[in-house]
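I'd like to ask you about the structure that follows.
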Amino acid sequence: MKAIAIIAALLLAGCATQQPQNAEEFRKVAPGAFLMGSETLEVNRPLRDVAAAWQRRAPECLNASVRTTSQTSTSYQVIVTTYKSTVVVGKDRAELHVQREFKGGGVITVGNPPSGGPYIIVADAYPLPSNRTRVQMIAPTKGQDVVIRAIKSWASGENLGCPDLTKQ
Amino acid sequence: MSRSHETVAWLLLAAATGCGSTKHYADLPEKNLQVRSTLSGARAVLGVHSLNSNCATDYEGVVSLDRATVDVGLPVGRQSLLVFEFYSSSLLTGSTSTKHEARIVPRRGYRYVARVTYKDALYDVELREIDPRSGAARELDTRRRC
């Protein structure tokens, strides 16, 4: 699964003449990229609650690193995956951006990624009537299931737990 | 979890703590922390560290959270760092662990409850302080200052 996500990230990075350098560029480029998709859901909570949940949980849960080691009889490899989240809250929209960067032996950086690594997820929340909120998410179709589920759960208030980033 | 998985988990824990063998937390007779665990798909342990004013940690040992409720005695008036570590294993991801740190300074006479959950690869640790007089509970800010 991780390999698919890495390939998707590389394709997104390599196929574009310029990697998205910010969330707005990611919104324009990513939906049409290979293994990337967009999804919309509505939650029964006002925008301010969704924004508050993202502001509270994202820094705690998504500013983290995962150290992966793999060993065979002839090789030993360590890759550190660093996640970085950014939450932007405005009057009519709340945004949650997730970037991811790989470092370690054998990792090749393609293109010109922004500081913090390529964007992998951008979620936007918009207010709806009757204290409801629409969440639009652009994310990989494979390989970030746990993070995506966490972002949705924070938005709906169903589960405020952190995603186990080792399960990506 | 099978015995082999349990062994892997303890070996991972030993490696993570930098020790050749697993050191069990010595514990104190007065139990002021109750850890209530609801775990599905993972096994959890609690690592106890002292945390001094220079932010240096000293590893004191590990407590296995192998029961729904585990009582632990923490030093009163001293800063401790609690490291909740979740272990799991699957064919797809191999053996993995993820951890959550919580800073605490237990007060004399107060009781503490940690609710630890792991379900569907989402985990949470909530630490509350219970006032011995009123019974009122308040959620603690457990972020490490440094």
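Scattering from the C-alpha atoms of the stretch A:117-168 alone, worked out with Debye: what is log10 I(q)/I(0) at q = 0.13, 0.17 1/Å?
For the stretch A:117-168 at q = 0.13, 0.17 Å⁻¹, log10 I(q)/I(0) is -0.35, -0.57.
For a quick size check, give me the Cα extents of the stretch A:62-168 along its three principal axes, largest first, whole Å.
61, 30, 21
Considering the zone a paramagnetic label at B:LYS23 would reach in this model (a point 7 Å from Cα along the Cα-to-Cβ line), which residues of the stretch B:56-71 have amide N under 18 Å from it?
The answer is B:56-64.
Here is a follow-up. So if we plug the beta-carbon distance of A:SER73 and B:VAL105 into 1/(1 + (r/R0)^6) with R0 = 45 Å, what FRET efficiency do we get, rounded to 0.05? Walk me through the numbers before you get to the answer.
Values: r = 48 Å, r/R0 = 1.07.
Result of the calculation: an efficiency of 0.40.
With labels modelled as points extended 7 Å from the Cα through the Cβ direction, what inter-label distance (nm, one decimal) is found for B:SER40 paired with A:ARG134?
Between B:SER40 and A:ARG134, the simple spin-label model gives 3.2 nm.
Show that you can apply the helix-only estimate: for chain A, add -39,500 (n - 2.57) for every DSSP H stretch of four or more residues, divide by all residues, and state [θ] at 222 nm to the nearest 500. If you can, show how the numbers build up before the last one.
Details: 4 runs with 49 residues, N = 168.
Computed mean residue ellipticity for chain A: -9000 deg cm²/dmol.
So what are the radius of gyration and Dmax for the Cα set of the stretch B:15-146, in Å?
When restricted to the Cα atoms of the stretch B:15-146, Rg and Dmax are 14.9, 50 Å.
Dipole magnitude of the stretch B:13-146 about its Cα centre, charges +1 at Lys/Arg Cβ and -1 at Asp/Glu Cβ only, in debye to the nearest 20? Don't jump to the answer; show the numbers that get you there.
Working: 19 positive and 15 negative charges, 59 e Å.
So the magnitude is around 280 debye.
Mind listing the phi-derived Karplus ³J(HN,Hα) values for the stretch A:23-30, rounded to whole Hz, using 6.51, -1.76 and 1.60 with θ = phi - 60°, and x for any glycine or proline?
So the Karplus estimates, Gly and Pro as x, are 5, 5, 5, 4, 4, 7, 8, 5 Hz.
Next up: Once the other residues with Cβ under 10 Å from the Cβ of A:PRO163 are scored (Lys, Arg +1; Asp, Glu -1), what is the net sum? If you can, show how the numbers build up before the last one.
Details: positive: A:ARG57, A:ARG149, A:LYS167; negative: A:ASP145, A:ASP164, B:ASP120.
Neighbourhood net charge equals 0.
Would you please give the residues with an amide H less than 5 Å from that of B:VAL63, counting only those at least 5 places away or on a separate chain, with H modeled from the backbone geometry?
Long-range HN contacts for B:VAL63: B:TYR25, B:LEU46, B:GLY47, B:VAL48.
Semi-axes of the equivalent ellipsoid of the protein assembly as shown: what are they in whole Å, largest first, if each equals the square root of 5 times a C-alpha gyration tensor eigenvalue? Please list the in-between numbers first.
Working: eigenvalues 254, 136, 54 Å².
Working through the eigenvalues yields semi-axes of 36, 26, 16 Å.
What ³J(HN,Hα) values, in whole Hz, does the Karplus curve 6.51 cos²θ - 1.76 cosθ + 1.60 give for the stretch B:39-45 when θ = phi - 60°, with x put for Gly and Pro?
Per-residue couplings from phi come out as 10, 9, x, 7, 10, 10, 9 Hz.
For the stretch A:102-108, take each phi angle, set θ = phi - 60°, evaluate the Karplus expression 6.51 cos²θ - 1.76 cosθ + 1.60, and give the result in whole Hz per residue in order, putting x for glycine and proline.
Once θ is set to phi - 60°, the couplings for the stretch A:102-108 become 9, 9, x, x, x, 7, 10 Hz.
Note down the nm distance, to one decimal, between modelled labels 7 Å out along Cα→Cβ at B:ASP131 and at A:GLN18.
With each label placed 7 Å out from Cα toward Cβ, I get 5.8 nm.
Right, next: Taking amide hydrogens as modeled 1.01 Å from N in the peptide plane, which residues meet the under 5 Å criterion relative to A:ARG45, leaving out close sequence neighbours?
Excluding prolines and chain starts, which carry no amide H, the hits are A:THR133.
Taking amide hydrogens as modeled 1.01 Å from N in the peptide plane, which residues meet the under 5 Å criterion relative to A:LEU160, leaving out close sequence neighbours?
none
While we're looking at this one, here's another question. Angle check, please: helix B:3-16 long axis (alpha carbons) against the longest principal axis of chain B (alpha carbons), in degrees 0 to 90, nearest 10.
60
For the stretch B:77-146, what are Rg and Dmax over the alpha carbons, in angstrom?
Gyration radius and largest Cα-Cα distance of the stretch B:77-146: 15.0, 50 Å.
No value in this document is a laboratory result; all are computed from the given coordinates. Since the structure is predicted, the reported quantities are computational estimates derived from the model, not experimental observations. For neighbour counting, all protein chains shown are included, and Cβ atoms are generated from backbone atoms with ideal geometry for every residue, glycine included.
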